[in-house]
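Bear in mind that the values in this text are calculations on the coordinates, not laboratory data. Quick caveat: nothing in here was measured; it's all calculated off a predicted structure. When we count neighbours, we look across all protein chains shown, and the Cβ atoms used for this are built from the backbone with ideal geometry, even at glycine.
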């Protein structure tokens, strides 16, 4: 009798896929008399006409004076679910886009919002810092008017569907940053040259303008510079400008030596503020927060105050609340620089930190017998 086969036959199997039934739609809100909407009050909003997507009524809320005191310099937009509210709420995601004069979305001011469940307890979702008021007025308000578009997707139902067991081909991650970085390196199609110190850099106006409202104004605005002979950049070291260009094209910082990171973060923070690169500014704030110590906390506070870096400022305050840190810093030269540069900040510092430090019990000295 022949030996039994050791192989086993594969068992029967199947796969299924969860499919979401969705409804999509869009609405454009035109703010016709923009100047008349100003001074509406912080936290107050004006709603668009209601529109229907997925069987539910929605509206766009426009906060001309910001959501709260911290964001009073920004324009906020929110998406509201109008009543009646279903018992289980409504799941939806949306995209807000500021439209240019041709009716096209402005990439820098196009925001995608993740899936959110709207209920009677939380009927709105939006962005408190959609665009700074000054940027909106300088670049996008035309004839006292501007437009914003909302693209909305509403999830109606999620159901299982039987599928074949064949795997879908893997989609590689985006490598757009590599292509743009290669464009910067190759200089192909470059149409503007910057002179920084002894170095020169070739770049592409449209890429710079897409990423920075300051470059947009300088290169394409009414007061644009004459770039035929190049643009001279003063008050910035060439390697800082080069690192900033790398970020503009790739959305990432270039590789750095560990010993240079703090210095580069300080100078890139200034550059990011100068060219309104908010993501780069936040990255540098986060980096500098990890380097705070007794030697640099005072000068870091000055920098944070001058550039309106609230997160970095709070990190410095937190460091100074630690036992002994405030007294040690007050005896340093950096603290004298802080008092001379930002006297009001010193008042805030003492009001916030000193009570916390002074509230700690002082150890009792042993009594001599």
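The mean sequence distance of close C-alpha pairs (under 8 Å, at least 6 residues apart), as a share of the length of the stretch 67-128, puts its relative contact order at 45 percent. For the chain, the relative contact order works out to 13 percent when only alpha carbon pairs closer than 8 Å and six or more residues apart are counted. As a length-normalised measure over Cα pairs under 8 Å and 6 or more apart, the relative contact order of the stretch 21-159 settles at 34 percent. Give the label of the value calculated from the structure for Rg and Dmax of the Cα atoms in Å, choosing from (1) 27.6, 103; (2) 46.8, 148; (3) 21.2, 71. Given (1) 27.6, 103; (2) 46.8, 148; (3) 21.2, 71, the calculated one carries the label (1).
Helix 310-320 axis versus longest C-alpha principal axis of the chain: approximately 50°, rounded to the nearest ten. Between the C-alpha center of the stretch 19-52 and that of the stretch 53-130 there is a gap of 8 Å. Fully extending the segment from residue 282 to residue 314 would add 10.2 nm, taking 0.36 nm per residue of separation and subtracting the current Cα-Cα distance. Hey, if you drop one equal point scatterer on each alpha-carbon of the stretch 292-360 and run the Debye formula without solvent, what base-10 log of I(q)/I(0) do you get at q = 0.17, 0.27 Å⁻¹? Per q value, in the given order, log10 I(q)/I(0) is -0.51, -1.38. Neighbour counting of Cβ atoms within 10 Å sorts the residues 29, 282, fewest neighbours leading, into 282, 29.
If each DSSP helix of 4+ residues adds -39,500 (n - 2.57) and the sum is divided by the residues in the chain, what number results at 222 nm, nearest 500 deg cm²/dmol? Intermediate results must be reported in sequence, preceding the final value.
Details: 13 runs with 128 residues, N = 369.
Value at 222 nm, helices only: -10000 deg cm²/dmol.
The angle between the Cα long axis of helix 261-274 and the longest principal axis of the Cα atoms of the chain comes to about 80 degrees, rounded to the nearest 10. Helix 278-289 and the long axis of the chain differ in direction by around 50°, with both axes built from C-alpha atoms.
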